[in-house]
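These notes are about the structure you will find just below.
The values are calculated or read from the model by the stated rules, or taken from the named source; none is laboratory data. All values reported here derive from a predicted model rather than from experimental measurement. Keep in mind that these areas ignore ligands, DNA and RNA; they rest on the heavy atoms of the full protein, side chains included. Shrake-Rupley method; radii C 1.70, N 1.55, O 1.52, S 1.80 Å.
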Amino acid sequence: MMRTPDLVTAELTLTGSLTTASNATFPGWIGDEAVAYKPTAREKPLVATDLPSQTSTSF
């Protein structure tokens with residue numbers, strides 16, 4: 001069984017940026033899990049159009 005990483009304390013590896021997003025959004029990995037990192041300072045919430053439709057394969 002695959003263990004889910006602790007998303008709060010595990011190491012985050014950023015792999016680029018989503019240039020089509022409405023504000024700063026960065027794809028990356030925490031362990032074997034694909035994630036989207038979005039800084040919270042002065043940013044608007046993500047909207048559905050910020051992420052590609054095939055997000056898990058777009059990283």
Breaking point among (1) modelled with pLDDT of 80 or more; (2) not in a loop (DSSP other than H, G, I, E, B), for THR20: (2)
Single condition PHE26 does not satisfy, out of (1) open to solvent by 70 Å² or more (accessible area, probe 1.4 Å); (2) modelled with pLDDT of 80 or more: (1)
